[in-house]
Amino acid sequence: MSHQLSDSDKEPWTLVQNQIKEKVTPQQFTTWFSGLNLVKLDANEIYISAPNSFCKEWIENNYIDTITSSLEEASISNRKIKFIIENTSSSGPKPCTQSSDSSPNTDSPTYINKNYNFDNFLVGPCNRLAHAAALAVSESPGTAYNPLFIHGSVGLGKTHLLHAILLRLQEKGHKTLYLPCESFVNHYISTIKTGDWDNFRNKYRQIDVLLIDDVHFLANSQSTREEFFHTFNALYTRQKQIVLSSDCPPEEIPTIEERLISRFRWGLITRVDPPGFETSVAIIQKKTSLLDMELSYDIACYLAENVVSSVREIEGTLTNIHRYATMNEGKVDLGLVKQLIKGFSKQKRNIGIEKILNTVTKHYGVQLSQLHSKRKLRSITLPRQVAMHLARKFTNLSLEEIGGYMGGRDHTTVMHADDKIKKLKVLDRNVSSAVRKLEDTLTKQQEY
Ligand code: ADP
Ligand code: MG
């Protein structure tokens, strides 16, 4: 039985919206969610209206998990979500929001972290090429490497390098513009509303250097990619510098067109990797001195061995240690650090790797030996990557250890798999529901 909703029936939607608000930033909420409405609820389906197809597509591609979990939290679960486009008399696309403040203030200095400069960036084998290229671009923008494309997992210093280039070039008086890709997309959408294309184009084209962070965000909007392509061409032909970052190499950005990939290849594509032992020690020593905290070499080594996945994770651990140290009159010894790290990692549920492998192989109907093999069929690579993602999420094993359980793979493979599944959880409904199911099974088993 289905029914159209009257006003009094709309209360559940308010609950859902409140749940969504807890998961996204106010700007994301205003831009993408405030224009959505619940139109019909059946036993099996829920119909949500979006103001235009652009918004519908964006939500489906980027925020389906957010909507699904918010519906569950508002006790509207187990229904297929269907999006419909609102009937509007006016022609042409409308943005998701009617609010005028959805246009990003990309000139805002709040986006720039002055500490993300070259002086504070530690160089090691993991980032040497990216760092050298960033310096070269700061020396001779538009001629050294154009575009410069830096990719790598989260927390490895991509944003830091982009800011460092920006700060250096600003000092030299170049006209620069840095922005996260999501702001570019938001600006594009608000321009669909205002029609002020001159303003939009002037903003991105009358500059010497354009730095766009996290361009993998372009994955889900064909029309924004189109506009980005023209912006790229306009700057490139005038030898203006373009610097881009992404969490994967260009060809792995889902749905991206070959013509954009080939343009990215015109310059230099370089990867940042997780820091190795020596670089981690150096980073730990640098960060502790910035925190005005004393840490012995032994402790730095212990941390470097045990906190391996990203520089951001190292920083988080140090901040926690610093917090405890301040409460303990500044004293930090190895015993305390070990205890703290154990405490932090206990926050994970600590489900055994065997249980994860069992559950995943059963769910996908594959053999453990297939997960261990080098076969590249999607029917095998997907469960293999899902297993690595779940191991990262639920165990305290290091990347190397997980790689060991997965047929002797190295730590970058595990990291890549984890990232890939995180991305697919947003982009691919089948993957997100399978992973959610697996997580449910694992955490339920845990309760016994
Ligand atoms: P990403 O953009 O790749 O996700 P960030 O640039 O935001 O990562 O880096 C995460 C944190 O780690 C930042 O605080 C940054 O300053 C720090 N960081 C990353 N790499 C380095 C490095 N090589 N030296 C010093 N700090 C670093
Ligand atoms: Mg970043």
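Where a number appears in this text, it was derived from the coordinates with a stated rule and is not lab data. None of these values were measured; they are calculated from a predicted model. Note that we place each Cβ from the backbone using ideal geometry, even for glycine, and neighbour counts take in every protein chain shown.
The ranking of TRP58, TRP197 by Cβ neighbour count inside 10 Å, starting from the fewest, reads TRP197, TRP58.
Annotation: aspartates and glutamates with alpha-carbon distance below 15 angstrom to LYS338 (same-chain offsets under eight excluded): ASP298, GLU305.
Counting only helical runs of four or more DSSP H residues, what would the 222 nm mean residue ellipticity of the chain come to if each run contributes -39,500 (n - 2.57) and the total is spread over all its residues?
Numbers: 19 runs with 236 residues, N = 448.
Computed mean residue ellipticity for the chain: -16500 deg cm²/dmol.
Restricting the trypsin sites (Lys or Arg not before Pro) of segment 223-262 to loop positions (DSSP other than H, G, I, E, B) with no more than 15 neighbouring Cβ atoms within 10 Å leaves ARG238. When you filter the GluC sites (Glu not before Pro) in segment 280-372 for DSSP loop state and at most 15 other Cβ atoms inside 10 Å of their Cβ, you are left with GLU294, GLU329.
Give the shape of segment 227-353 as rounded, prolate or oblate, defined through the alpha-carbon gyration tensor: a ≥ b ≥ c are the square roots of its eigenvalues, a/c under 1.5 means rounded, and otherwise the shape is prolate if a/b is larger than b/c and oblate if not. Taking the square roots of the gyration eigenvalues as a ≥ b ≥ c, segment 227-353 is prolate. Pairs exceeding a 18 Å alpha-carbon distance, out of LYS175/LYS240; LYS56/LYS420; LYS172/LYS240; LYS376/LYS420; LYS23/LYS425: LYS56/LYS420.
Only Lys, Arg, Asp and Glu count, each charged at its Cβ (+1, +1, -1, -1), so figure out the dipole size of segment 207-261 about its Cα centre, rounded to 20 debye. Don't skip to the answer; put the middle values down first.
Details: 4 positive and 10 negative charges, 61 e Å.
It comes to approximately 300 debye.
Stretching the chain fully between SER369 and GLN239 yields a gain of 41.6 nm (0.36 nm per residue, less the alpha carbon separation). Summing Cβ point charges (Lys, Arg +1; Asp, Glu -1) relative to the Cα centre of segment 353-447 gives a dipole of roughly 460 debye.
For the chain, what does the alpha-carbon gyration tensor say about shape, rounded, prolate or oblate, given a ≥ b ≥ c as the root eigenvalues, a/c under 1.5 as rounded, and a/b over b/c as prolate? Please report the intermediate quantities before stating the final value.
On the way: a/c = 1.63, a/b = 1.08, b/c = 1.51.
Oblate shape, in that a/c is at least 1.5 and b/c is the bigger or equal ratio.
Taken about its Cα centre, the chain carries a charge dipole of roughly 860 debye when the Cβ of each Lys and Arg holds +1 and the Cβ of each Asp and Glu holds -1. Note on the chain: GNM, Cα springs under 10 Å; of MET415, MET406, MET327, the largest mean-square fluctuation is that of MET327. Computed from the C-beta positions of GLU22 and ARG429 and an R0 of 25 Å, the FRET efficiency is 0.70 to the nearest 0.05. Just check segment 7-85 against the gyration tensor rule for me: Cα atoms, a ≥ b ≥ c as the square roots of the eigenvalues, rounded for a/c under 1.5, and otherwise prolate or oblate depending on whether a/b exceeds b/c. Rounded is the answer for segment 7-85, as its axis ratio a/c remains below 1.5.
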